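Since every read-out is calculated from the coordinates, none of them should be taken as a lab result. Predicted model, so just to flag it, every value in this text is computed and none were measured. All Cβ positions, even for glycine, are placed from backbone atoms using ideal geometry, and neighbour counts span all protein chains on display.
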Amino acid sequence: MTTDSYPADLGYRMPAEWEPHSATWLTWPHNLETWPGQDMAKIEAVYVQIIKALARGEKVHLLVNRESDAFRLNKLIKSSASTNQNIIIYSIPNNDAWIRDYGPNFLVRKTSSGKQEVAANLWKFDSWGGKYEWDLDARVGSTVMDLLGMPRFEPEIVLEGGAIEVNGQGLCITTEECLLNPNRNGGLEKAEMESYLKRYLGIREIIWCKGNLEGDDTDGHIDNLVRFVSPDTVLCAWEKNTSDPNHACLQENLKILESYRDANGKPLNVLKLPMPGRINTNEGRLPASYANFYIGNRAVLLPTYNHRNDDAVASLLGRIFKDREIVKIPCETFIWGLGAIHCVTQQQP
């Protein structure tokens, strides 16, 4: 069912990631061009770790590209996971693994009786400004919503899930470099984009950060830079090495976040999130960041990079999420795909 009304007018909002999930959606990796020259068994092993960690606390809906993949994955994944009943596999054609960006953007609202209703935005997807093939990915969201039988909204503009970060209470953080990029919507004006975000995400205010992370092919996704961990606390990726090309952007974001005040004059609690250093390929730097973690019902999945900051970041998240296990997921090979854990997950309330 598609509705012509705006979600915000109907009481819908995009919930914060730490709010309860009914499921997490993932797409099994199959595109060899995404991880050039890498052993796909290592990439699949990362997925198995992700699925095992999540399935202990919520359902995992896993898309496979072909029917022939389903049988092998049933044996590989369900034999490895402790909660087989929570893993559901669907055969839905797709181009790549980054369901955060092309999957449904789920919303919630409370009815007058106190019941929670779930719907979703189906934003357009053009593979981060037409960089790769996306014809199959662009249809995944609609197919998923057909399966779920939930109401859907179709904003008719391009927006990726990794480009927006919300606290569930009216505040959104994003970047100018991504949302205002001419390669997405011909270059919408900031005021027009803000109107879309408010009407379709149920938010009241937007903080615009900078998205100049070296090696990032998304043009500045916020989920590599700034993440909410509570309604008034954010983790801001931080590079202390002033000679690192990322230092200037991350320093500017820190200043933007620290200067923010809400309508009552209250600031955000801004915590620095260390970076994992430089990871290079022959073609340049990879966009490795600890900010690309994912908050599940019972676990926080943290990408690690065999770096001295791995343990420090895990400890920081452990102090914040005392009710969740911090699960380290080795991503020094996975990041060759130019994304990490948050990029391949999509929460369903």
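With each label modelled as a point 7 angstrom along the Cα→C-beta vector, the Ser5-Thr143 pair spans 3.1 nm. The helix-based estimate of mean residue ellipticity at 222 nm for the chain, built from -39,500 (n - 2.57) per DSSP H run of four or more residues and divided by its residue count, is -7500 deg cm²/dmol to the nearest 500.
With a simple spin-label model that places each label point 7 Å from the Cα along the Cα-to-Cβ direction, the separation between Glu332 and Asn183 comes to 3.0 nm. The computed Rg/Rh (Cα atoms, Kirkwood Rh) for the structure shown corresponds, within [x] 1.16; [y] 1.01; [z] 0.93, to [z].
Remind me, relative contact order of the range 148-253 in percent, using alpha carbon pairs under 8 angstrom and six or more residues apart? Could you put the intermediate results ahead of the total?
Values: 154 pairs, mean separation 29.3, N = 106.
Taking the mean separation of contacting Cα pairs over the length of the range 148-253, I get 28 percent.
Given the Cα-Cα distance of Glu258 and Val48 and 0.36 nm per residue of separation, how much length would full extension add, in nm?
Values: separation 210, 0.36 × 210 = 75.60 nm, distance 3.81 nm.
So the extension gain works out to 71.8 nm.
Only Lys, Arg, Asp and Glu carry charge here, each on its Cβ (+1 for the first two, -1 for the last two); on that basis the range 78-211 has a dipole of about 560 debye about its Cα centre. Inter-part distance, the range 100-176 to the range 256-305, computed on C-alpha centroids, equals 22 Å. Label zone of Lys110 (point 7 Å out along Cα→Cβ, amide N under 18 Å): in the range 145-173 this covers 167-171. Sparsely packed loop sites in the range 25-71 (the GluC sites (Glu not before Pro) outside DSSP H, G, I, E and B with at most 11 other Cβ atoms within 10 Å) comprise Glu33. For the range 48-127, trypsin sites (Lys or Arg not before Pro) meeting the loop criterion (DSSP other than H, G, I, E, B) and having at most 14 other Cβ atoms within 10 Å: Arg66, Lys115.
In percent, rounded to a whole number, the relative contact order of the range 8-348 is 20, using alpha-carbon pairs under 8 Å and six or more apart. Inter-label distance, Ser243 to Phe71: 5.7 nm, where each label sits 7 Å from its Cα along the C-beta direction. Figure legend: label point modelled 7 angstrom from the Cα of Glu19 along Cα→Cβ; residues of the range 107-142 with amide N under 16 Å from it are 107-121.
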